[in-house]
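The values are calculated or read from the model by the stated rules, or taken from the named source; none is laboratory data. The shown structure was predicted, so the numbers you read here are calculated from the model rather than taken from an experiment. In this analysis, Cβ positions are derived from the backbone assuming ideal geometry, glycine residues included, and neighbour counts consider all displayed protein chains. All accessible areas refer to the heavy atoms of the entire protein, side chains included, with ligands and DNA or RNA removed. Shrake-Rupley method; radii C 1.70, N 1.55, O 1.52, S 1.80 Å.
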Amino acid sequence: MSPGADPTGQPIRPLRADARRNRELLSAAAREIFTERGTDAPLDDIARRAGVGNATMYRHFPTRSDLIVAVYADEVAQLCADGERLAEELPAGEALFRWLREFIAHVSVKRELAKAIADDRGDSRSTLFGQWHAAMHATAATLLDKAHQAQAVRADLTVTDLLTLANGLAQTGAGPVQTERLLRLVREGTEQMAPAAVARPPLPAVPY
């Protein structure tokens, strides 16, 4: 999604600085309250936490669905931006699997937020999710390409393989220790073969 487009990809006029700040405050407040209390939380509470009036909130987000879409779009944009940052800061293999960890957390934690996006605008829900999927797929593909170039992962590993595995981990509902263990197994199964003399650190123990 480009900076000059709304969550549906349609062009929008640039906002004045004060209006942009109010929109950002509302989105941030909604993200917090939706996380704390679910997407059915009163919209008045969101406006109050953002420090703006109800009229200002409804001017930016006429419906609850508009606000939920904006919050989820921001989450996807942040996830993709994190991929770019990690690619610059870390070795290619580490960047890829650090981002996969964030992707798994996103799918797991934001599942209810995504489900709350109503399909009340024709086929817009499918369009939105198509755009978000494409953005995350592109981020993963870029990171995987760099890992391939660095010979950090096996040559036949595809982005579809990785995202399918990551989605599967996110859907298990496992706790953070179990998820980390499973992600380690995925990583070790997809890395280039290490010399036999190189010892791997032990997997985290999980109580049964």
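If I filter region 71-83 for residues that are open to solvent by 20 Å² or more (accessible area, probe 1.4 Å), among the acidic types (Asp, Glu) and farther than 24 Å from Leu26 by Cβ, do I get at least one hit? No. Scanning region 151-174 for residues that are open to solvent by 60 Å² or more (accessible area, probe 1.4 Å), farther than 23 Å from Val107 by Cα and touching a helix residue (DSSP H, G or I) at 6+ places or on another chain (Cβ under 7 Å) yields Arg154, Ala155. The numbered conditions (1) at pLDDT below 95; (2) more than 15 Å from Glu112 (Cβ to Cβ); (3) buried (at least 16 other Cβ atoms within 10 Å of the Cβ) are all true for Ala29 except (1). Scanning region 33-60 for residues that are part of a loop (DSSP other than H, G, I, E, B), without any contact (Cβ under 8 Å) to a residue 40 or more places away in the chain and open to solvent by 10 Å² or more (accessible area, probe 1.4 Å), we see that the one that is farthest from Ala105 (Cα to Cα) is Gly53. Checking region 178-192 against the condition returns no match, with no residue being surrounded by 17 or more Cβ atoms within 10 Å (Cβ to Cβ), touching a residue at least 40 places away in the same chain (Cβ under 8 Å), touching a strand residue (DSSP E or B) at 6+ places or on another chain (Cβ under 6 Å) and assigned to a helix (DSSP H, G or I). Within region 1-26, restricting attention to residues that are surrounded by fewer than 19 Cβ atoms within 10 Å (Cβ to Cβ) and assigned to a helix (DSSP H, G or I), the residue that is modelled with the lowest pLDDT is Ala17. If you check Glu94, Glu102 for being out of contact with any helix residue (DSSP H, G or I) (no Cβ under 7 Å at 6 or more places or on another chain) and either of a type in the set (Asp, Glu) or open to solvent by 70 Å² or more (accessible area, probe 1.4 Å) (or both), only one passes: Glu94.
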